[in-house]
Amino acid sequence: MEKQSRLLCSELCVQRRLYEVTLNCAILAWKDIQIAKKHTGRAIYGAVKAGSSCVPVCEIIAVQEKDDDTPCKNTGKWQKVPQSPADPCQHAFTVFYVERTRQHCWWCSNVTFHCSDHSLCLLWVQTIREQLALLTNRPKSLLVYINPYGGKQRGKQIYDHKVAPIFSRASISTDVIVTERANHARDHLKTEADLKKYDGVVCVGGDGMFSEIMHGLVSRTQQEAGVDENSMEETLMPCGLRIGIIPAGSTDCICYATVGSNDPVTSALHIIVGDSQAMDICSVHNEDRFLRYSVSLLGYGFYGDVLTDSERKRWMGPARYDISGVKTFLSHRYYEGTVSFLPAEGNLGSPRDKMQCRTGCSVCRQSSSDKLVSKNEDSVSDAECQDTWTVIRGKFLAINAASMSCACPRSPKGLSPSAHLADGTTDLILVRKCSRLDFLRHLLRHTNKDDQFDHSFVEVYRVKQFRFSPRYQECDSEVDLRESGVTGKRFLSQICREHRACGCMPSQSNWNCDGEILPHTAIQVR
Ligand SMILES: CCCCCCCCCCCCC/C=C/[C@@H](O)[C@H](COP(=O)(O)O)NC(=O)CCCCC
Ligand SMILES: Nc1ncnc2c1ncn2[C@@H]1O[C@H](COP(=O)(O)OP(=O)(O)O)[C@@H](O)[C@H]1O
Ligand SMILES: [Ca+2]
């Protein structure tokens, strides 16, 4: 506090007690003068001294001159501010700021300072506002998409009651679109939205809704930069706009794994103060065709089957995943195929190193600076050519690629607790065929502190690219049925006919790509 030069220092009242209030460019602090006097001469240790409070300027949401009739902070009742000229409470301003509550949860708290002099009150309001205006990473204008059907169908209510009032308090202007169909937000972002008007896009919904918005923005960015999304060789351009997530879905893993909670108010406050976190995006291709991007889970087998089954039970809301989870677990299906991958090299840690990625994580920082160096040296493709692919064939209950931890309320550590948010890699988890009981043990470890990778039938690799092809595609009589124009039921019956001799079952799962089903099983991911 002492090191920064003071901008203001006054004696003001808070709840009828006199405080010394100081402001510098980093911190607003208020100290109870009587308590401070009592403690004079005695050193008080600890983060917050008795009767003292402070808030970093970057966590102030807004400052407002207090009107005559305003709800009182403590009682919540409406009261008249006293009018007597001698009353030190005659003029007042309220500072709204971030307060940390339970783990990773934020709340918008406030404190009202009273002063007898109106010009002093105005000076405080103006000076704090000037300091806030210097914080250039804060958004001023946002484009908000609400999925009214996600999760428990409370997206609009959550936005209207919990988020819109704090955005308005922070003087953020918003254009709000309540979606009318699936892919409405994606298409609007891709082709229509005037993105120059906004500092960011806000997604009110679950992982599927986030995925829509991310697809809209990423595709728009590639279109404008002339990058062909179908090409696996081209480097994608990063998006200029940030996406804020207000959780209102069923799993909300993208929000939980980045923010640390699935609380809408916490998310809104992070958006207001301009916090940001880069995020890895996998592109998923089938041959020369781009299919989708993934940021959280790309899962085949168990999670693909859970999703496929749960889509028919959407009316149940988030509970559909529990019902489909149990049903899929009991069916105990396994799938054969080949997984090939390029292991990540360098100092990118390991999926079992017990590190937890956080904003400012050293592994992610190192990875992005390594990428910059290789880009400048134009050596990326050369280096990649020398890489050797690891090939694993087998029978799998689940093949999961977690590009982030995938932590969510169902699994607070996530599918891969040490996965990094922005290191350019994904953690590839192979769960081989095992007994039901063993698989149950593995699944249950996602919900407690035990290591879910510590099983003989589970392998985990940190990779930068991988491919999967289901078993039937590996037979000698490799016929590309799709190219020969065969579709649907005929496609399957033709596989069965042609593959009777080699004995392979055309039994396939679907890929669950951030909660959406992919139309192909053979995929290439980078
Ligand atoms: C029998 C005990 C089972 C306990 C298993 C617990 C494991 C939970 C791991 C959850 C990982 C979630 C990864 C995230 C996936 C989401 O992208 C996806 C879509 O989310 P949303 O759009 O918000 O609906 N959610 C799922 O695929 C649900 C998986 C649930 C599996 C039980
Ligand atoms: N207005 C709408 N009507 C129907 N579906 C929609 C609408 N808006 C978005 N969607 C789709 O709903 C799906 C699920 O959305 P999401 O918000 O992730 O909820 P949940 O977490 O419950 O799956 C997404 O695939 C998204 O494309
Ligand atoms: Ca990653």
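The values are calculated or read from the model by the stated rules, or taken from the named source; none is laboratory data. Fair warning: this is a prediction, and the values are worked out from it, not measured in the lab. All Cβ positions, even for glycine, are placed from backbone atoms using ideal geometry, and neighbour counts span all protein chains on display.
Numbers at a glance
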{"read-out": "Sole exception among (1) more than 18 Å from residue 524 (Cβ to Cβ); (2) within 13 Å of ligand 1 (Cβ to nearest atom); (3) modelled with pLDDT of 95 or more for residue 409, by number", "value": "(3)"}
{"read-out": "Failed condition for residue 180, given (1) touching a residue at least 60 places away in the same chain (Cβ under 8 Å); (2) assigned to a loop (DSSP other than H, G, I, E, B)", "value": "(1)"}
{"read-out": "Some residue of region 436-452 being of a type in the set (Val, Ile, Thr) and either buried (at least 22 other Cβ atoms within 10 Å of the Cβ) or outside the structural domain of residue 303 (by TED's automatic domain parsing) (or both)", "value": "no"}
{"read-out": "Region 233-256 residues that are over 17 Å from residue 408 (Cα atoms) and more than 9 Å from ligand 1 (Cβ to nearest atom), paired with ones that are part of a loop (DSSP other than H, G, I, E, B) and charged (D, E, K, R) (beta carbon under 9 Å, 6 or more apart)", "value": "234/228; 236/229; 241/199; 242/199"}
{"read-out": "Scope region 220-264; condition surrounded by fewer than 19 Cβ atoms within 10 Å (Cβ to Cβ) and within 20 Å of residue 108 (Cβ to Cβ); matching residues", "value": "260"}
{"read-out": "Residues of region 154-194 satisfying the condition of being at pLDDT 95 or above and polar (S, T, N, Q)", "value": "157, 168, 171, 173, 174, 179, 183"}
{"read-out": "Cβ pairs under 8 Å, 6+ apart, first in region 433-452 and within 21 Å of residue 392 (Cβ to Cβ), second assigned to a loop (DSSP other than H, G, I, E, B) and of a type in the set (S, T, N, Q)", "value": "442/452"}
{"read-out": "Checklist (1) away from ligand 3 (no atom under 14 Å from the Cβ); (2) surrounded by fewer than 19 Cβ atoms within 10 Å (Cβ to Cβ) applied to residue 310, failing item", "value": "(2)"}
{"read-out": "Some residue of region 232-239 being at pLDDT 95 or above and among the charged types (D, E, K, R)", "value": "no"}
{"read-out": "Sole exception among (1) in contact with a Gly (Cβ under 9 Å, 6 or more places away or on another chain); (2) closer than 30 Å to residue 303 by Cα for residue 241, by number", "value": "(2)"}
{"read-out": "Wholly within region 101-176, helices (runs of 4 or more DSSP H) carrying at least 3 residues that are touching a Pro at 6+ places or on another chain (Cβ under 6 Å)", "value": "155-158"}
{"read-out": "Only listed residue being within 16 Å of residue 513 (Cα to Cα) and away from ligand 3 (no atom under 16 Å from the Cβ), chosen from 398, 402", "value": "398"}
{"read-out": "Qualifying positions in region 183-204 - acidic (Asp, Glu) and part of a loop (DSSP other than H, G, I, E, B)", "value": "194, 199"}
